[in-house]
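Notes follow the structure.
The values are calculated or read from the model by the stated rules, or taken from the named source; none is laboratory data. Only a predicted model underlies this, so the values are computations on that prediction, with no experimental measurement involved. Reconstructed Cβ throughout: ideal geometry from the backbone, glycine too, with neighbour counts over all protein chains shown. SASA here: full protein model, heavy atoms, side chains in, ligands and nucleic acids out. Shrake-Rupley method; radii C 1.70, N 1.55, O 1.52, S 1.80 Å.
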Amino acid sequence: MGIWNNRPIIASPSCPRALKVDRPMTQAFVALGSNLTSRNAAPAVILSTALKLLRLKEVVPTSLSFLYRTPAFPAGSGPDFVNAVIAVDVGDLLPAEVLSRLHMVESALGRERSVRWGARTADLDLVAMGGAVLPEEATWRRWRELSPPRQQQEAPDTLVLPHPRLQDRAFVLVPMADVAGDWRHPVTGLSVAEMLASLPEAERRGVVPLAAPPEEWRL
């Protein structure tokens, strides 16, 4: 499926911070999270640093959500997270190349992959890339329908897009609604706003804007 999105992102009330882009671009969405300090830097500062490192990797942020404080997932697995979603221009990079660069930035920020869904200094997930469905729809559906216990034990050995848990996670959908509320899932046809509205109210209310985001959280 196609991955091109030719519409520039322009600042609006639903898009808190945006950079106008005057050329066609390949647009992707990246979810960011942190609930551990690194080199004495707090999670919100770590995510701000991630923006700078992404630019150096030619993954260029074009729109930022607000920063949000959210309970750790699964419940009890660690301190609260700071979460956000950004839209990025990745030029002609392939999805696997984008993912590789996200992993490089995670490593630079001190990420250690020891426990699945454990506490972490930096978590950068490629959530979606235009209308791409990878590796193909049948595999996407298999991972989408995986039972919760197996989700915590198993990880795909290939990139699956859109992220198979996207529609389940308020901590991704709330910030994604800031930057792309009208983006539609290429398999289900649901918009971000529609997916978010389908979640329990308690989960949506648990995603709270950060009271004092760092000045570095900007384009």
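So here's what we get for this one:
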| quantity | calculated |
| --- | --- |
| Matching residues, segment 172-186, being under 16 Å from LEU126 (Cβ atoms) and either part of a helix (DSSP H, G or I) or open to solvent by 20 Å² or more (accessible area, probe 1.4 Å) (or both) | VAL172, LEU173, PRO175, MET176, VAL179, ALA180, TRP183, PRO186 |
| Complete set of residues in segment 33-50 that are of a type in the set (A, V, I, L, M), in a loop (DSSP other than H, G, I, E, B) and either out of contact with any strand residue (DSSP E or B) (no Cβ under 9 Å at 6 or more places or on another chain) or open to solvent by less than 10 Å² (accessible area, probe 1.4 Å) (or both) | LEU36 |
| Counted residues, segment 186-219 - those being under 23 Å from VAL133 (Cβ atoms) and in contact (Cβ under 8 Å) with a residue 40 or more places away in the chain | 2 |
| Condition met for GLN153 (farther than 22 Å from VAL59 by Cα and exposed (fewer than 13 other Cβ atoms within 10 Å of the Cβ)) | yes |
| Residue, farthest from SER34 (Cα to Cα), within segment 96-112, restricted to residues that are in contact (Cβ under 8 Å) with a residue 40 or more places away in the chain and open to solvent by 20 Å² or more (accessible area, probe 1.4 Å) | ALA96 |
| Index of the failed condition, LEU159 passing every other in (1) in a loop (DSSP other than H, G, I, E, B); (2) in contact (Cβ under 8 Å) with a residue 24 or more places away in the chain; (3) under 26 Å from PRO200 (Cβ atoms); (4) open to solvent by 30 Å² or more (accessible area, probe 1.4 Å) | (3) |
| Any hit, segment 190-207, residues being within 18 Å of ALA31 (Cα to Cα) and either modelled with pLDDT under 95 or open to solvent by 70 Å² or more (accessible area, probe 1.4 Å) (or both) | yes |
| From GLY91, GLY78, GLY131, residue being open to solvent by 10 Å² or more (accessible area, probe 1.4 Å), outside any helix (DSSP H, G or I), of a type in the set (Gly, Ala, Ser) and without any contact (Cβ under 8 Å) to a residue 60 or more places away in the chain | GLY78 |
| Conditions (1) surrounded by 21 or more Cβ atoms within 10 Å (Cβ to Cβ); (2) touching a helix residue (DSSP H, G or I) at 6+ places or on another chain (Cβ under 7 Å); number of the one not met by LEU53 | (1) |
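Every residue, every condition in (1) out of contact with any helix residue (DSSP H, G or I) (no Cβ under 7 Å at 6 or more places or on another chain); (2) under 23 Å from ILE86 (Cα atoms); (3) in a loop (DSSP other than H, G, I, E, B), yes or no:
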position	(1), (2), (3)
ASP125	yes, yes, no
TRP140	yes, yes, no
ARG150	yes, no, no
PRO164	no, yes, yes
PRO213	no, yes, yes
